[in-house]
Amino acid sequence: MSREFVHEICAALPGAEVSDPFGGGHDTWKLADKIFALVDGAGESVITKCPDVDTAEMLKEVGLAQKAPYFHKSWVLLPFDRVEPDELRHRILTSYELIRSKLPKKVRDGLGPVE
């Protein structure tokens, strides 16, 4: 997996935009200015949000994820060499949906469906 794989998934999501607000090549995917995925500067991992701290801890315990530096405990760092493509897609979509669900209804309704 790679940065390009993450871009393919994220670019297809309604309202998703990419930028590098932190510098250093960190591809930061946002929905309505809220981060849902961030590819590290080296392009070796992606950070995503989990539904809760317990899920994040479980992913770390089974070796799929690591602590995401500078993020809340419900976020995890997923090294590309540890995660299968379907699992990575699931983690990105889950993160996106978590962020989307917190947006005002009017904003959510204007985004369209996730395909």
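The values are calculated or read from the model by the stated rules, or taken from the named source; none is laboratory data. The model shown is predicted, which means the values in this text are computed figures rather than measured ones. A quick note on method: Cβ atoms are made from the backbone with ideal geometry, for glycine too, and the neighbour counts reach across all protein chains shown. The accessibility values were calculated without ligands, DNA or RNA, using every heavy atom of the protein model including side chains. Shrake-Rupley method; radii C 1.70, N 1.55, O 1.52, S 1.80 Å.
Results, tabulated for the structure shown:
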quantity: With DNA, RNA and ligands ignored, accessible area of ASP81 (1.4 Å probe; Å², nearest 10); calculated: 140 Å²
quantity: Straight-distance crosslink candidates among lysines, where the alpha carbon sits under 18 Å from LYS34 and sequence neighbours closer than 8 are dropped; calculated: LYS49, LYS73, LYS102, LYS105, LYS106
quantity: Estimated distance in nm for a label pair at ASP20 and GLU4, the labels positioned 7 Å out from Cα along Cα-to-Cβ; calculated: 1.8 nm
quantity: Estimated dipole of the chain in Debye, rounded to 20 [Cβ of Lys and Arg +1, of Asp and Glu -1, Cα centre]; calculated: 540 debye
quantity: Length gained when the stretch VAL53-ALA11 is fully extended (0.36 nm per residue, less Cα-Cα span); calculated: 12.4 nm
quantity: Extension reserve of the GLU61-GLU115 stretch, reckoned as 0.36 nm per residue once the Cα distance is removed; calculated: 16.3 nm
quantity: The range 71-115 and the range 39-63: distance between their alpha carbon centers, rounded to Å; calculated: 11 Å
quantity: For LEU31, net neighbour charge (Lys/Arg +1, Asp/Glu -1) across residues whose Cβ lies under 15 Å away; calculated: +3
quantity: Dimensionless Rg over Rh [the chain; C-alpha; Kirkwood]; calculated: 0.94
quantity: In nm, spacing of pseudo-spin labels at LYS105 and PHE71 (7 Å Cα→C-beta vector); calculated: 3.0 nm
quantity: Residue-count net charge about LEU98 - beta-carbon cut-off 11 Å; Lys, Arg +1, Asp, Glu -1; calculated: +3
quantity: Candidate aspartates and glutamates - alpha carbon under 17 Å from LYS67, same-chain residues fewer than 8 apart omitted; calculated: ASP40, GLU44, ASP52, ASP54, GLU57, ASP81
quantity: Portion, in percent, of the accessible area of the chain that falls on carbon or sulfur, probe 1.4 Å; calculated: 53 percent
quantity: Per residue value of the accessible surface for the chain (all protein chains in place, 1.4 Å probe), Å²; calculated: 56 Å²
